[in-house]
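Trainee: Submitted below is the structure of interest, expressed as structure tokens.
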């Protein structure tokens, strides 16, 4: 809601010919002051950290858009920020002070301890964590960590790679890598599951 309210306000100012409000002004309007209103008082139950990060992301989105229009940014043209829908993916980012990582649980400010299942160990202490809720109502945690790049030993050997369709890759030393063909494997699995389902009541 903070993102959408702030974005609507920024668009209104742009249409009236006014300059975009600063990040601190938006925080006062749509976080601090909004908590005192009847329709946004529930924001007091949420940690300020993800609310502030939402405005930081909005500000960064506008900066990327303006730089793109002035050709000051490499890559594809960037569109202006859009309104977010509850049906789409939702995120909330917690920075240092707003979360704590344990062995089997992660503590999030004003949420509490969450039981988690690690996909892999963290290589270093995280600087932030993003809670992601996808359209299937599943929750994931994404951590940002800083690691030193691994320096590989120098070598004089070189290898050429040719990418193809039937053969995924052919190396200059004669090695061939077959294409993964995920669709073909998926169809086989679908047929097998379909047969087992037809026998059930």
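Trainee: For a quick size check, give me the Cα extents of the range 89-147 along its three principal axes, largest first, whole Å.
Mentor: Rounded to whole Å, the extents work out to 31, 24, 19 Å.
Trainee: Where does helix 48-69 land angle-wise versus the long Cα axis of the chain, in degrees 0 to 90, nearest 10?
Mentor: The answer is roughly 70 degrees.
Trainee: Calculated from DSSP H runs of 4 or more alone, at -39500 (n - 2.57) each and per residue, what is the 222 nm mean residue ellipticity of the chain, nearest 500?
Mentor: Working: 4 runs with 58 residues, N = 201.
Result for the chain: -9500 deg cm²/dmol, rounded to the nearest 500.
Trainee: Where does each of 44-50, 194-200 land if you order them by average Cβ count within 10 Å, highest first? Write down the numbers at each step before the final one.
Mentor: On the way: 44-50: 16.1, 194-200: 7.6.
Per-residue mean Cβ counts within 10 Å order the peptides as 44-50, 194-200.
Trainee: Something else now. What is the ratio of the Cα radius of gyration of the range 1-81 to 2.2 N^0.38 Å, with N the residue count, to two decimals?
Mentor: Values: Rg = 14.0 Å, N = 81, 2.2 N^0.38 = 11.7 Å.
For the range 1-81, the normalised Cα radius of gyration comes out at 1.20.
Trainee: Translational diffusion coefficient of the chain at 4 °C, 1.567 mPa s, Stokes-Einstein with Kirkwood Rh over Cα pairs, in µm²/s as a whole number. Mind dumping the intermediate values first?
Mentor: Values: Rh = 22.1 Å.
Rounded, D is 59 µm²/s.
Trainee: By how many degrees, 0 to 90 and rounded to 10, does the Cα axis of helix 2-15 deviate from the longest principal axis of the chain?
Mentor: So the inclination is approximately 70 degrees.
Trainee: Which angle between 0 and 90 degrees, to the nearest 10, do you get for helix 182-198 versus the longest principal axis of the chain when only C-alpha atoms count?
Mentor: Approximately 90 degrees, to the nearest ten.
Trainee: For 31, 161, 151, 116, what's the fewest-to-most ordering of other Cβ within 10 Å of each Cβ?
Mentor: Values: 31 21, 161 10, 151 6, 116 15.
Going from least to most buried by this count: 151, 161, 116, 31.
Trainee: Next up: Enter the mean projected area of the convex hull around the alpha-carbon atoms of the range 50-165, in nm², rounded to one decimal.
Mentor: Numbers: hull surface 51.5 nm².
Its average projected convex-hull area is 12.9 nm².
Trainee: Given a 10 angstrom Cα cut-off, can you work out which residue in 127, 119, 172 is the most mobile in a GNM of the chain?
Mentor: 172
Any read-out appearing in this document is the output of simple, stated calculations on the displayed coordinates, not a laboratory observation. A quick note: this is a predicted structure, and the numbers were derived from the prediction, not measured. Methodologically, a virtual Cβ is constructed for each residue, glycine included, from the backbone with ideal geometry; neighbour enumeration extends over all protein chains shown.
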